[in-house]
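The structure under discussion appears below in the form of structure tokens.
Read-outs throughout are calculated quantities, based only on the coordinates presented, and are distinct from any laboratory measurement. Quick caveat, the model's predicted, so the values are computed rather than measured. Glycine gets a Cβ as well: all are built from the backbone with ideal geometry, and neighbour counts include every protein chain shown.
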Amino acid sequence: MLLSNDYAMTDQLHGYLGILLSAFEEEGPRVLESFDLPGAAEYMSKCSNVVVMCGASISTSAGILDFRSPGTELYSKLEKCNLPFPEAIFQLDFFRENPKPFFVLAKELYPNKFNPTPTHYFIRLLNEKGKLLRTFTENIDSLERIANVPTEKIVEANGTFFTAHCLDCQEEYSLEQIKDTIFKDEIPYCNKCTGVIKPDIVFSNENLPKRYDECVKSDFAKCDFLIIIGTSLAVAPFCTLISHVDNNCPRLLINMEPGGHTFSYLIPFGTTLMFNSRKNRRDVFYKSTCDDGVMQLVKLLGWESDFKKLLQKEGISISSVSEKSTTSSRTNVSSTKTTTAADSTVPKHPKFTSTKKTVDATSSKSEVKDNAK
């Protein structure tokens, strides 16, 4: 998602510049003893300011599927809402005109409806081991919170369901205040001015949360190990965060496919993970489902016993972890792509025919215009 305000654009250009410059800075002695998971774990064991960047794939084993995938129950429900195209559900103009589809999705993704995955509990374990500086997530499912990762350690780049505001008067509401209305398949309206109440999810062309910018500035300069998990790093500005760490900070990507070197019109300079380059000094790609990847990492860190105790305490069967993660990687074709409000890489389906349009609030509900993103 490309942001519209001047500050956000400046910050995004700064990220791009960092990406471009980092390609010329990958000189010097190697940081890791080996460019594999054991080498990453050995280095990480000595770190105390670990930053974790999370994408949608960390939640697939919880049963959260891409709402744009044909054949799923959620897709069928949204199909009945007559969306002109998938991104419309996260566009503010369309929401003001027809908020119903968003609340259909909100009901399906309501926090506490799904259980955190082993990957979410791995982030909690990192914190309990005194190593987690912050986790930045693209997801809006709030599973980090439900896994009891401390709220102050979480940055939700695309916002949260846990708070909501009236679009007209900005009156604040909690999730619990609007829960009953959402589950009755009704639209929540403000008690003060009768405006529509919108959960604090970042919609297209809205600014990212203020805390996101604050924590990017404060955290990445301190980061001594970066874990990127469950994202192909295809969406700006989130993907540019990897360029904010120090040039000697190791970066570990756990995903089912490589990422971090995407080149597209949205990300003109690409990203800069160097694991497939002869210039590589610090980057590791570990091909795995998220849950299997963290299970291997905790073994190498010597935390396996503690992790198993934590999972058992939370009612997660260790023997089922591999089976679930393997199944999710087969059944969810888009599991390695970020599927958030910010995602612009949407497949075309018969009902959803365009990915570069936006609703014109001054026209009828069926009219659309070209988006100048």
Between residue 203 and residues 5 or more places away or on another chain, which pairs have amide H atoms under 5 Å apart, with H built 1.01 Å from N, and which residues are they? none
Could you please report the charge total around residue 253, scoring K, R as +1 and D, E as -1 over all other residues with beta-carbon less than 13 angstrom from its beta-carbon? 0
Starting from the Cα-Cα distance between residue 146 and residue 46, subtract it from 0.36 nm times their residue separation and give me the gain in nm to one decimal. 33.2 nm
Tell me, what is the FRET efficiency for residue 305 and residue 115 to the nearest 0.05, using R0 = 25 angstrom and their Cβ-Cβ distance as r? 0.65
Simple spin-label estimate for residue 207/residue 287, 7 Å along Cα→Cβ, in nm, reads 4.3
Interchain or sequence-distant (5+) residues whose placed amide H lies within less than 5 Å of the amide H of residue 165 are 173, 198, 200
Relative packing of peptides 245-256, 137-148 - highest average C-beta neighbours within 10 Å first: 137-148, 245-256
Inter-label distance for residue 177 and residue 92, nm, one decimal - labels placed 7 Å from Cα along Cα-to-Cβ: 2.0
Per 0.36 nm of contour for each residue apart, how much would the distance between residue 30 and residue 277 grow if the chain were fully extended, relative to their Cα-Cα spacing? 87.6 nm
Would you calculate the separation in nanometres between label points at residue 247 and residue 185, each defined as 7 Å from the Cα along the Cα-to-beta-carbon direction? 5.9
